[in-house]
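Reading through the structure tokens given below for one structure.
The values are calculated or read from the model by the stated rules, or taken from the named source; none is laboratory data. The model shown is predicted, which means the values in this text are computed figures rather than measured ones. Neighbour counts run over all protein chains shown; Cβ positions are idealised from the backbone, glycine included. With ligands, DNA and RNA removed, areas are computed over all heavy atoms of the protein, side chains included. Shrake-Rupley method; radii C 1.70, N 1.55, O 1.52, S 1.80 Å.
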Amino acid sequence: MTLRINSRGSQVTRLQAELKAAGFNPGAIDGAFGKNTQKAVKAYQSRYHLQADGIVGPRTWNKLLTDGKKPGGTQSVSRPSSTPRGTSVTGYVNGRARRIQVAPIGNGKMLRTDAAASFNKMKAAARRAGINLPAVSGFRTMAQQKALYAAYRAGHGNLAARPGYSNHQGGLSVDIGVGGYSSRAYKWLARNARHYGFVNDVRTEPWHWTYRR
Ligand SMILES: [Zn+2]
């Protein structure tokens, strides 16, 4: 499906989530393709040597959907299971490489298996309360963190930790598409996430939650 300025709907939401996961800033993840989303698409396209026209056709989709879905070079499968199977990948904790097992949390994203199991329980509980907790970014490979860090340093990405030192690389942090601090989703998390072991540990980022158990 080709998306462009003024497009609306769930495919736009998906596009915005993928852009954000890739380290670009599409503005609010709200399903409305506005100026900020167009700017992020153009920045994404020029970074990946695609025609920077701000129109999301097959090539741009293909690039967005194939990146970020292969932790450690292994094709991951998104399965909405509460007892996920683990995939062995190379993670980083405090600058050191280590083998970790990751499992799906939806949207093609992964967390360390224990964090994933807890996240999936939390997501199910939120859903019962009528609240959606879409994962926008989870486990990141070294290549993904390097790309985010480069985008951040170049001034067109969110704050990103030095490669090797992000809790995303240990499979412990998840960015959730919650909207802002005043959103229902954020307020629900502020009340309930600790029961599932998640804390909001970056002050300016309502979306960033880390498993500390
Ligand atoms: Zn984060």
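Quick notes on this structure:
- Just one of the listed residues (Gly157, Gly171, Gly95) is open to solvent by 10 Å² or more (accessible area, probe 1.4 Å), more than 11 Å from the ligand (Cβ to nearest atom) and under 15 Å from the mean Cα position of the chain (by Cα), namely Gly157.
- Screening the candidates Ile5, Ile29 for the property of being farther than 20 Å from Leu159 by Cβ and of a type in the set (A, V, I, L, M, F, W, C) yields one hit, Ile5.
- Breaking point among (1) modelled with pLDDT of 95 or more; (2) surrounded by fewer than 15 Cβ atoms within 10 Å (Cβ to Cβ); (3) within 17 Å of the chain's Cα centre (by Cα), for Pro80: (1)
- Residues in the range 8-50 that are in contact (Cβ under 8 Å) with a residue 12 or more places away in the chain and touching a strand residue (DSSP E or B) at 6+ places or on another chain (Cβ under 8 Å): Arg8, Val12, Leu15, Ala17, Lys20, Ala21, Ile29, Gly31, Ala32, Phe33, Val41.
- A search for C-beta distances below 6 Å between a residue of the range 51-63 that is under 19 Å from Asn25 (Cβ atoms) and any residue that is open to solvent by 20 Å² or more (accessible area, probe 1.4 Å), counting only pairs 6+ apart in sequence or on different chains, returns Ala52/Lys42; Ala52/Ser46; Gly54/Gln38; Gly54/Lys42; Ile55/Arg4; Thr60/Leu50; Lys63/Tyr48.
- Residue that is farthest from the ligand (Cβ to nearest atom) [pool: residues in the range 201-213 that are under 19 Å from the mean Cα position of the chain (by Cα) and within 18 Å of Ile105 (Cα to Cα)]: Arg212
- Restricting the range 6-25 to residues that are open to solvent by 60 Å² or more (accessible area, probe 1.4 Å) and at pLDDT 85 or above leaves a set whose member that is nearest to Val174 (Cα to Cα) is Asn25.
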